[in-house]
1. When Rg is the radius of gyration of the Cα atoms in the stretch 8-100 and Rh is its Kirkwood radius, what does Rg/Rh come to?
2. Restricting everything to alpha-carbon atoms, can you work out Rg to Rh for the chain with a Kirkwood hydrodynamic radius?
3. Going 7 Å from the Cα of residue 154 in the Cα-to-Cβ direction, what parts of the stretch 127-146 have a backbone nitrogen less than 17 Å from that spot?
4. If you add up the charges near residue 106, with Lys and Arg at +1 and Asp and Glu at -1, over every other residue whose beta carbon is less than 11 angstrom from its beta carbon, what do you get?
5. Report relative contact order for the chain in percent, whole number only (criteria: Cα-Cα under 8 Å, sequence separation at least 6).
6. Which whole-number percentage describes the relative contact order of the stretch 110-179, with Cα contacts under 8 Å and a sequence gap of 6 or more?
7. With each pseudo-label sitting 7 Å past Cα toward Cβ, what's the residue 55-residue 185 distance in nm, one decimal?
8. About its Cα centre, what dipole magnitude does the stretch 110-179 give when the only charges are +1 on Lys and Arg Cβ and -1 on Asp and Glu Cβ, stated in debye to the nearest 20?
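Bear in mind that the values in this text are calculations on the coordinates, not laboratory data. All values derive from a computational prediction rather than experimental measurement. Note that we place each Cβ from the backbone using ideal geometry, even for glycine, and neighbour counts take in every protein chain shown.
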Amino acid sequence: NDWNKPYKKSARVVGDVIGKYHPHGDIAVYDTIVRMAQDFSMRYMLVDGQGNFGSVDGDSAAAMRYTEVRMARISHELLADLDKETVDWVPNYDGTEMIPAVMPTKVPNLLVNGSSGIAVGMATNIPPHNLTEIVNGCLALIENGDLTIDELMTYITGPDFPTGGIINGRSGIVQAYRTGRGSVYV
C-alpha cells in the first residue's frame, strides 16, 4: 500500500500480514502498525495512518476497523531494489509465498528508529538517532574504518527522540557508545 495510493482499512492490512507473513494474533500485528504510525513513538514513521492512532498521553488507538493506513514515504527506501535480486528470498511460514530474507534497505532503520525488547532475561534499548547524522557517520566510517568512538561522535552527537527533549549530560551517551551500556536522562 504505497504512500501515493489511497489508504486501506487497517483490518485489511492486518489480515494480509497474518495470512501471508506472520500467522499470529491480530492484536500483535495491529499494535505494531499503530506504533509505526505514531509520531511520538517513531523518529521516522514507517506507516502513514489516518484516524485515531492514540496519543503521547497514553490514549489507545481506535479499533482496526476504524483506522486506515498506507506505507509512509520513507518505507519505500526499506524496500528499494527488491526486484533487483539484491537479497535472498525464502519461503514464508507455509511455503505459499516467497519473501525477502532481509530488507534491502537504504535506511539504517534500527539506528534511526531505535528498538527495545526483552528476550531470555536480557533487555536491549537502542535509542533513535537523526538520519542525517547516522548517514554522515556511516560515510565517515567507510572513508576511515579505524575511526574512534570520539571521532564518530563528531558526526553522531547522540540520540534524537521523536518527542524532543534535552539530554542531561553526555557521559551516559559516551559510555553507551563505548561499552554498549549507559543511561540517557531526558
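1. 1.01
2. 0.99
3. Only 133-146 fall inside the zone, counting backbone N under 17 Å.
4. Surrounding charge for residue 106 is -2.
5. The value is 16 percent.
6. 27
7. Taking the two extended label points, one gets 2.9 nm.
8. With only Lys, Arg, Asp and Glu charged at Cβ, the dipole is about 280 debye.
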